[in-house]
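Peer 1: My questions will all concern the structure given below.
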Amino acid sequence: MSALLNQRWELFCIRLCEGRTQTEAAIVAGYKPSRARQTGARLVTIGDIQTRLQELRQKAEDATVMNVLERKQRLTEIARAKLTDFMELGQDGSWVNIGAETPNGGAIQEIHSRTEYDDDGAHPTVHTSVKLHDPVKAIDLLNKMDGIYKAEGAGNEGEAVKQNVNVVIINGDEVALAVIELLRCGAIGGLIEAGAPPVDEVHSPQADTEAARLPLAQK
């Protein structure tokens, strides 16, 4: 099957195969961000898109391309590696020792070496430094590949869940007035313990002040 005639569908498929989520792929393909999640979920159910995705993924599984297991193995090397893996310690000090059998060699990002001499140009000393890839980033990528963040409560396709919380600050008098109204309408009547004072005996300074302002006919 050749590239899809629908350019947005084709771009959606390509981005999915690159590792984007359905929502991200839909946005990159030109669909409205406000509806990208629903659009992405709908697109992957279309027969032509499913066929195209399978074709693209088969092409990506060439022998020269790392498969999922190989990628996880390399990331695990980075996450587990320690500088001491590449050092030898002895009475004369420490030195770098890296060979074909050195464990976690895939974690090495850079190796720098320089030679220094004394004032007479003799007694060469080799200084070697090793820099490793960031293990925290490797762990983060492994978590994403395994879907751990989504399982721990993220939104669909790894998107964070957003919640809006409105906080209202009220003073003691307003609380008392609110309780009085709830008691009168019976909303919290079941919470009143035996022997509690009647509603009319519950007062607040603000309630008493407002009552004093009412005309006599309304009291």
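Peer 1: Just to be sure I understand the filter: pairs with C-beta atoms under 6 Å, separated by 6 or more residues or on different chains, first member in segment 74-88 and aromatic (Phe, Trp, Tyr), second member at pLDDT below 85. Which pairs pass?
Peer 2: Phe86/Val96; Phe86/Ile98; Phe86/Val130
Peer 1: Looking at segment 55-67, is at least one residue of a type in the set (Ser, Thr, Tyr) and modelled with pLDDT of 90 or more? Outline the logic, then answer.
Peer 2: In the first step, residues of segment 55-67 are kept if they are of a type in the set (Ser, Thr, Tyr); the result is 64.
Now restrict to residues that are modelled with pLDDT of 90 or more: none.
No: zero hits.
Peer 1: Scan segment 1-31 for residues that are over 14 Å from Thr51 (Cα atoms), surrounded by fewer than 18 Cβ atoms within 10 Å (Cβ to Cβ) and either of a type in the set (Asp, Glu) or at pLDDT below 90 (or both) and jot them down.
Peer 2: Result: Glu18, Gly19.
Peer 1: In addition: Looking only at segment 103-147, filter to residues that are closer than 20 Å to Met87 by Cβ and of a type in the set (Lys, Arg); which one of those is surrounded by the most Cβ atoms within 10 Å (Cβ to Cβ)?
Peer 2: Restricting to residues being closer than 20 Å to Met87 by Cβ and of a type in the set (Lys, Arg), the top hit is Lys131.
Peer 1: Those residues that are β-branched (Val, Ile, Thr) and assigned to a strand (DSSP E or B), I need them from segment 112-151; list them, please. It would help to see each step written out before you state the result.
Peer 2: Here is the first cut: in segment 112-151, the ones β-branched (Val, Ile, Thr) are 115, 125-126, 128, 130, 136, 139, 148.
The answer is Thr115, Thr125, Val126, Thr128, Val130.
Peer 1: Which helices (runs of 4 or more DSSP H) sit wholly inside segment 19-73 and have at least 2 residues that are more than 30 Å from Ile139 (Cα to Cα)?
Peer 2: Details: elements: 22-28, 36-43, 47-60.
Answer list for segment 19-73: 36-43, 47-60.
The values are calculated or read from the model by the stated rules, or taken from the named source; none is laboratory data. Note that this is a predicted model, so its numbers are computed, not measured. Methodologically, a virtual Cβ is constructed for each residue, glycine included, from the backbone with ideal geometry; neighbour enumeration extends over all protein chains shown.
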